[in-house]
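Everything below concerns the one structure shown next.
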Amino acid sequence: MTLRGERASEATPVSFRAMMAGFPTGVAVVAAFDLAGRPRGMTCTSICSASLEPPTLLVCIRAG
């Protein structure tokens, strides 16, 4: 996560693949800013790569 006002560096397919190779299983923290600019986040145990081009993560969230 970047600080408010900072741009995140873009992931390349090579760096994204290397990052996912280092995360075989476990807990991840997913964080973002909402439309009002407030930070939001959660922990999850279901995360995987969906594609390399563009680098995309699949995060499963249960709302119940």
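The values are calculated or read from the model by the stated rules, or taken from the named source; none is laboratory data. Computed from a prediction, not measured in an experiment: that's the story for all the values here. Glycine also receives a Cβ, built like all others from the backbone with ideal geometry; neighbour counts cover every protein chain displayed. Please note that ligands, DNA and RNA were not included when accessible areas were found on the heavy atoms of the full protein model with its side chains. Shrake-Rupley method; radii C 1.70, N 1.55, O 1.52, S 1.80 Å.
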Percent carbon-and-sulfur accessible area, the chain, ignoring ligands, DNA and RNA, probe 1.4 Å: 60
In Hz, Karplus ³J(HN,Hα) per residue of the range 16-24 (6.51, -1.76, 1.60; θ = phi - 60°; x = Gly, Pro): 5, 4, 5, 5, 5, 5, x, 10, x
For residue 57, residues with placed amide H under 5 Å, excluding near neighbours: 50
Accessible surface, the chain, averaged per residue in Å² (probe 1.4 Å): 82
Highest-MSF residue in the chain out of 18, 36, 50 [GNM, Cα springs under 10 Å]: 36
Residue (of 19, 37, 55) at the positive-pole extreme of the chain, dipole from beta-carbon charges: 37
